[in-house]
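First the structure, in the form of structure tokens, and then the observations on it.
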Amino acid sequence: MKIAFVGKGGSGKTTLSSLFIRHLAQAGAAVVAIDADINQHLGPALGLDETEAAALPAMGERLPLIKDYLRGSNPRIASAATMIKTTPPGRGSRLVRVREPNPVYDACARPVELDGGAVRLMVTGPFSDADLGVACYHSKTGAVELYLNHLVDGPDEYVVVDMTAGSDSFASGMFTRFDMTFLVAEPTRKGVSVYRQYKEYARDFGVALKVVGNKIQEQDDIDFLRAEVGDDLLVTVGRSDWVRAMEKGRPPRFDLLEEANARALATLRATADATYERRDRERYMRQMVHFHLKNAESWGNERTGADLAAQVDPGFVLGEGEGDGAGAGADEGIETTLPGIQAGVEASVSTPA
């Protein structure tokens, strides 16, 4: 399952995503956690100290390696240099799994121990002063988008992404890469403004969206959120002594998390799991191709000097089964007839990476 946590800055999305990751790890699930926020706080929220968090390898700095590995022997991709963040997989591409060893994980992932379980943590890398005026943050998240485009995952396998704050996720097609998006909202007008933006953008793409109400103090807070977001309000989370201790660097055992908050996390998992059987692989691939063609036309062809539309394999659909050859070093997905794969739907032009 591919799960995103989004919300405005200060909403608590990093805290909620870290709690959800801990919940999955405690249950023995296989988890890849990705910090794709402009402010890199997921590592500390998972218990790393500042030195450990600063030492995490940045995916954005290893983009050439990631591209070279994922390209594999795909004959439609002339070189790794012509791959952009939206390049879709095709026959010959290398696909990645949550549980496997591969060079991408070797270079970019580090294990984080959580109450006896371990998760793989990857980070995009911080947006530094050196980036100002010469780069946009979406160039750093491009590595995450490529990874998601080439990922096959099954039940009880999770990729949890702490996304950048606000509506910046819509500057590329990455917001369509998830089975479930949890939007963390405070019970304020500003808190629900990002929800409205997400709801509007996501409507045409079939994005599954649920709201997690955070910083709830009284029934009036719940009533406010219910009036603003309706049935999209899934659960609410209140004050947590466990979280306060964690933020001080002294987290208790995770099984001591407040019962109400533990039930909320279980509801998040059950809701995400329920989307697995409703996956539409053809639509997923069409959306991937749609955003790739948009990027190619708006900046990619000029940047690379290549016709990036030619990278699209019209007979390829990213598979999910054990027999689709999606292991380390494998070069096949599921081939199927997919007429009109380049048709897509209308959307705003993406930004380069």
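For region 283-303, the count of residues that are modelled with pLDDT under 95, farther than 16 Å from residue 173 by Cα, within 22 Å of the chain's Cα centre (by Cα) and among the hydrophobic types (A, V, I, L, M, F, W, C) is zero.
Taking the conditions (1) surrounded by 13 or more Cβ atoms within 10 Å (Cβ to Cβ); (2) closer than 26 Å to residue 67 by Cα in turn, residue 307 satisfies each one other than (1). So how many residues does region 51-68 have that are assigned to a helix (DSSP H, G or I) and open to solvent by 20 Å² or more (accessible area, probe 1.4 Å)? Within region 51-68, residues that are assigned to a helix (DSSP H, G or I) and open to solvent by 20 Å² or more (accessible area, probe 1.4 Å) number 12.
If I filter region 2-29 down to residues being part of a helix (DSSP H, G or I) and among the charged types (D, E, K, R), which single residue comes out as nearest to residue 179 (Cα to Cα)?
From region 2-29, those part of a helix (DSSP H, G or I) are 13-26; that's our starting set.
Filter once more, keeping what is among the charged types (D, E, K, R): 13, 22.
Details: 13: 17, 22: 19 Å.
Among those residues, the one meeting the criterion is 13.
In the condition set (1) outside any helix (DSSP H, G or I); (2) at pLDDT 95 or above; (3) over 17 Å from the mean Cα position of the chain (by Cα), residue 32 is compliant with all but (3).
Counting just the residues of region 247-277 that are assigned to a helix (DSSP H, G or I) and open to solvent by less than 20 Å² (accessible area, probe 1.4 Å), which one comes out farthest from residue 15 (Cα to Cα)? Going through the qualifying residues, I end up with 272.
Those strands (runs of 3 or more DSSP E) of region 173-245 in which at least 1 residues are surrounded by fewer than 18 Cβ atoms within 10 Å (Cβ to Cβ), considering only elements entirely within it, cover 233-238.
The values are calculated or read from the model by the stated rules, or taken from the named source; none is laboratory data. Just so you know, these numbers come straight off a predicted model, no measurement behind them. Backbone-built Cβ (ideal geometry, glycine too); neighbour counts: all protein chains shown. The accessibility values were calculated without ligands, DNA or RNA, using every heavy atom of the protein model including side chains. Shrake-Rupley method; radii C 1.70, N 1.55, O 1.52, S 1.80 Å.
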